[in-house]
Amino acid sequence: MKFYRSPESFLKRGPKHGPRILVGDIETFPMLVYAWRMFKANIGKEQVVQDVTMMSFGVKWKGQDDFFYDDMSKAKTLEERRNDRHLAHAIRNILDGADFMVAHNGRKFDLRQIRSRCAQNAVRPWSQVQVIDTYELNKRAFDFSSQALGFVSPKFMPLEAAKSDHAQFPGFSLWRECLAGNKEAWRECKAYNCTD
């Protein structure tokens, strides 16, 4: 597996004939808010200290093994890690070169988050890319107990290729440690993001 250093080099290696189908996933940092309780909280806009920002994304061309991955791991401070402008530019450039994007819950989450972050960072929108949403397709065709990627993916592929569980930093600790700049957490984030 090879990782490209720039969106431009990744785009050049894309399919030369037929539709350009991108498979991808993004990860986002959570909001930072003031709240009085953990359950049934009604959070007003004045309680938001920091809005959601992109932390990483991984994409590959359908039928190829090579990836483009980028994240905020090189940022030195928390403020810099929350400034996702370069990620917005990179993913916009890649989406501009694709005809389709395959993503689990991509229509409701990934593409809407990307659009929001591009707008927030004054990054021009990409030309229209069609979304193939595996969450929606699974929901229409199957009655699994859960449509979550971690539950569904082992049913269609070998367990070792299915969704990663980021065991070294389980649950929310992966996001917390990436926000703190933990290099081990960022390594696990890369594996987790690209497996998704």
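The values are calculated or read from the model by the stated rules, or taken from the named source; none is laboratory data. Note that the structure is predicted; figures quoted are calculated from it, not measured. Note that each Cβ is placed from the backbone with ideal geometry, even for glycine, and that neighbours are counted across all protein chains shown. Ligands, DNA and RNA are stripped out before the accessible areas are found, and what is left, the full protein with its side chains, is counted by its heavy atoms. Shrake-Rupley method; radii C 1.70, N 1.55, O 1.52, S 1.80 Å.
Consider segment 28-43. How many of its residues are open to solvent by 20 Å² or more (accessible area, probe 1.4 Å), assigned to a strand (DSSP E or B) and touching a residue at least 40 places away in the same chain (Cβ under 8 Å)? Give the steps one after another, and end with the answer.
Taking segment 28-43 as the starting set, the residues that turn out to be open to solvent by 20 Å² or more (accessible area, probe 1.4 Å) are 28, 30-43.
The next check asks that each one be assigned to a strand (DSSP E or B); those that pass are 28, 32-33.
Those still in the list that are touching a residue at least 40 places away in the same chain (Cβ under 8 Å) too: 28.
The total comes to 1.
Under 7 Å between Cβ atoms, at least 6 apart or on separate chains: pull out the pairs that start in segment 124-137 with a residue that is among the β-branched types (Val, Ile, Thr) and end on any residue that is surrounded by 12 or more Cβ atoms within 10 Å (Cβ to Cβ) and assigned to a loop (DSSP other than H, G, I, E, B).
Filtered contacts from segment 124-137: 129/98; 129/99; 134/104.
With respect to residue 29, determine if the residue is at negative phi and modelled with pLDDT of 95 or more.
Values: at negative phi: yes; modelled with pLDDT of 95 or more: yes.
For residue 29, the condition - at negative phi and modelled with pLDDT of 95 or more - is met.
Check 107, 112, 117 and return the single one that is within 18 Å of residue 25 (Cβ to Cβ), outside any loop (DSSP other than H, G, I, E, B) and open to solvent by less than 40 Å² (accessible area, probe 1.4 Å).
Numbers: 107 fails: open to solvent by less than 40 Å² (accessible area, probe 1.4 Å); 112 fails: open to solvent by less than 40 Å² (accessible area, probe 1.4 Å).
The unique qualifying residue is 117.
Check off (1) outside any helix (DSSP H, G or I); (2) modelled with pLDDT of 90 or more; (3) farther than 16 Å from residue 24 by Cβ; (4) open to solvent by 40 Å² or more (accessible area, probe 1.4 Å) for residue 145 and give me the number that stays unchecked.
In the conditions (1) outside any helix (DSSP H, G or I); (2) modelled with pLDDT of 90 or more; (3) farther than 16 Å from residue 24 by Cβ; (4) open to solvent by 40 Å² or more (accessible area, probe 1.4 Å), residue 145 misses (2) alone.
Residues 176, 115, 124, 107: which one is among the basic types (Lys, Arg) and within 24 Å of residue 18 (Cβ to Cβ)? Spell out how you get there, then give the answer.
Working: 176 fails: within 24 Å of residue 18 (Cβ to Cβ); 115 fails: within 24 Å of residue 18 (Cβ to Cβ); 124 fails: within 24 Å of residue 18 (Cβ to Cβ).
Answer to the selection: 107.
Among the residues of segment 44-98, which ones are β-branched (Val, Ile, Thr), open to solvent by 50 Å² or more (accessible area, probe 1.4 Å) and either part of a loop (DSSP other than H, G, I, E, B) or within 22 Å of residue 21 (Cβ to Cβ) (or both)?
Listed by number, the list holds a single entry, 77.
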